[in-house]
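Participant: I'd like to ask you about the structure that follows.
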Amino acid sequence: MQIFRSILFNIAFYLNTLLQILFYLPLLLLPRRYIWIAVKSWAAGNHFLLKWICGIEHEIVGLEKVPAGGIIVASKHQSAWETFTMAAILSDPTFVLKRELQWIPLFGWYTAKARLIPVNRGARKAALDQVTEVGHERMKENRQLIIYAEGTRRPVDAPPNYKYGVAHLYEKLDVPCVPVALNSGLYWPRRSLRFQPGKVRLEFLDPIQPGMEKVAFLKHLETQIETATNRLVALGREEIARTGA
């Protein structure tokens with residue numbers, strides 16, 4: 001039954017994406033701030049499908065901890081879920097994405113309008129320099145730069161693998177960094193068609209103010225995110241075991 005639901009959700013997910021892309025095309029002619037109407041609507045549609053097809057709900061905690069102004073949001077990354085969820089709940093986010101995604105018809109137009117940060121991930125140093133340069137501009141615009149601290153999606157029980165890039169940006173951009181913990185991988189694992197009913201939890205943690213030394217910052221960031229993530233994962237597993245889902 002779960003496999004059937006998962007296949008049905010994937011079909012509905014891509015259909016929802018296509019329909020919303022087409023419906024909101026006129027927003028591309030308006031100022032950039034209107035593009036978030038489309039993003040929030042797309043995310044709401046995805047959340048609706050997850051709930052009614054797969055039995056997956058969600059809870060956001062600590063959003064009030066996100067300070068105003070330009071910031072870095074350094075998140076755990078376990079699933080596709082947080083990519084559209086955080087884009088919808090933050091006021092004016094920007095992401096780093098593969099430049100090839102901007103070449104996709106229609107979808108790429110939205111990423112360009114939202115002024116995301118396309119990079120060539122094969123050229124690591126050049127890509128990091130580009131993100132730093134553009135990141136300074138985005139901080140002046142009071143935007144939230146979302147970065148996945150481990151660089152890619154990681155399985156729930158994988159050992160931490162935090163990358164230097166987040167520490168580099170923290171030092172160079174000189175803005176607060178808000179850690180984010182989550183347990184989405186319990187319910188929507190990467191590279192899997194099996195969805196687990198339950199409640200995804202995402203938690204914004206206390207901001208790390210600028211000024212820490214890079215190595216100390218990276219260690220502190222990892223400790224904060226991993227401690228909170230382990231707590232959320234344990235809570236999720238307890239709920240799954242209790243409900244027998």
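Participant: Which links in 40/98; 98/172; 65/163; 125/199 stretch past 31 Å when you go from one Cα to the other?
Facilitator: As for pairs spanning more than 31 Å Cα to Cα, those are 125/199.
Participant: Moving on to the next point. Which residue, chosen from 232, 84, 216, occupies the Cα position most advanced towards the positive end of the dipole of the range 56-243, where the dipole is computed from +1 (Lys, Arg) and -1 (Asp, Glu) charges on Cβ about the Cα centre?
Facilitator: Comparing the listed Cα positions along the dipole, 84 ranks first.
Participant: Something else: Note down the relative contact order for the range 56-243 as a percent, whole number, built from C-alpha pairs under 8 angstrom at least six residues apart.
Facilitator: Relative contact order for the range 56-243 comes out at 32 percent.
Participant: What span do the alpha-carbon atoms of the range 56-243 cover on each of the three principal axes, reported in whole Å from largest to smallest?
Facilitator: Cα spread of the range 56-243 along its principal axes, largest to smallest: 49, 42, 30 Å.
Participant: If the chain between residue 65 and residue 133 were fully stretched, how many nm would it gain, using 0.36 nm times the residue separation less the Cα-Cα distance?
Facilitator: 21.8 nm
Participant: Let me ask you something else. What FRET efficiency would be calculated for the residue pair residue 91, residue 29, taking the C-beta separation as r and a Förster radius of 25 Å, to the nearest 0.05?
Facilitator: Rounded to the nearest 0.05, the efficiency is 0.70.
Participant: Sticking with this one: Find out how many positive minus negative residues lie around residue 47, taking Lys and Arg as positive, Asp and Glu as negative, among other residues whose Cβ is under 11 Å from that of residue 47.
Facilitator: Net local charge, residue 47 excluded: +1.
Participant: Here's something else I'd like to know. How about the range 94-194: which GluC sites (Glu not before Pro) there lie in a loop by DSSP and see at most 16 other Cβ atoms within 10 Å?
Facilitator: 141
Participant: As a footprinting exposure proxy, order 79, 41 by other Cβ within 10 Å, with the fewest listed first.
Facilitator: Listed from fewest to most nearby Cβ atoms, that is 41, 79.
Participant: Over the range 145-227, what is the relative contact order in whole percent, taking alpha-carbon pairs under 8 Å and six or more residues apart?
Facilitator: 34
Read the figures in this text as sums done on the coordinates, not as results from a lab. Given the structure is predicted, the values throughout are model-derived calculations rather than measurements. Because the Cβ atoms are built from the backbone with ideal geometry, glycine has one as well, and the counts that use them run over all protein chains shown.
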